[in-house]
Amino acid sequence: MIRGSGDHNDSGKYKGIENAPLKMFTRIITNDITEIIEHLPDNQLGFRKGKSTLQAIEGLLKNVWDALEEKEEFGVIFIDFTKAFDFIYREIVKKKT
């Protein structure tokens with residue numbers, strides 16, 4: 001039986017029963033992931049505490065500005081991964097695992 005407050009049809013407003021073992025498991029996994037993330041290169045800003053997209057933009061602008069001052073060419077490639085995984089053949093991936 002699911003209990004909680006709010007509209008059961010609106011997942012954004014509904015909060016189910018909190019499960020203590022699930023919370024403990026989530027905390028363990030979060031701690032493990034946090035340790036792994038801290039070993040990423042400094043230029044990887046996503047999902048890191050105290051890092052933001054604004055810092056990435058600031059770094060990019062600094063590199064562009066430096067290239068302009070030195071009269072060097074500078075190229076930038078932007079890749080949108082938003083829909084990247086929509087094109088994966090999930091059945092093939094399931095067979096491979």
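State all residues of region 17-29 that are in a loop (DSSP other than H, G, I, E, B) and open to solvent by less than 90 Å² (accessible area, probe 1.4 Å); if no residue qualifies, say none. Spell out the reasoning first.
Looking only at region 17-29, we keep the residues that are in a loop (DSSP other than H, G, I, E, B), and these are 17-19.
The answer is 19, and nothing else.
For region 30-65, which residues satisfy the criterion of being assigned to a loop (DSSP other than H, G, I, E, B), among the charged types (D, E, K, R) and surrounded by fewer than 11 Cβ atoms within 10 Å (Cβ to Cβ)?
Taking region 30-65 first, the residues assigned to a loop (DSSP other than H, G, I, E, B) are 38-52.
Now drop any that are not among the charged types (D, E, K, R), which leaves 38, 42, 48-49, 51.
Those that are assigned to a loop (DSSP other than H, G, I, E, B), among the charged types (D, E, K, R) and surrounded by fewer than 11 Cβ atoms within 10 Å (Cβ to Cβ): 38, 42, 49.
Within region 66-97, count every residue that is open to solvent by 80 Å² or more (accessible area, probe 1.4 Å) and either part of a helix (DSSP H, G or I) or of a type outside the set (Ser, Thr, Tyr) (or both).
Number of matching residues: 22.
The values are calculated or read from the model by the stated rules, or taken from the named source; none is laboratory data. In this text, all values refer to a predicted model and were calculated from it rather than measured experimentally. So basically every Cβ, Gly included, is an ideal-geometry build from the backbone, and we count neighbours across all protein chains shown. Accessible surface areas use protein heavy atoms only, side chains included; no ligands, DNA or RNA. Shrake-Rupley method; radii C 1.70, N 1.55, O 1.52, S 1.80 Å.
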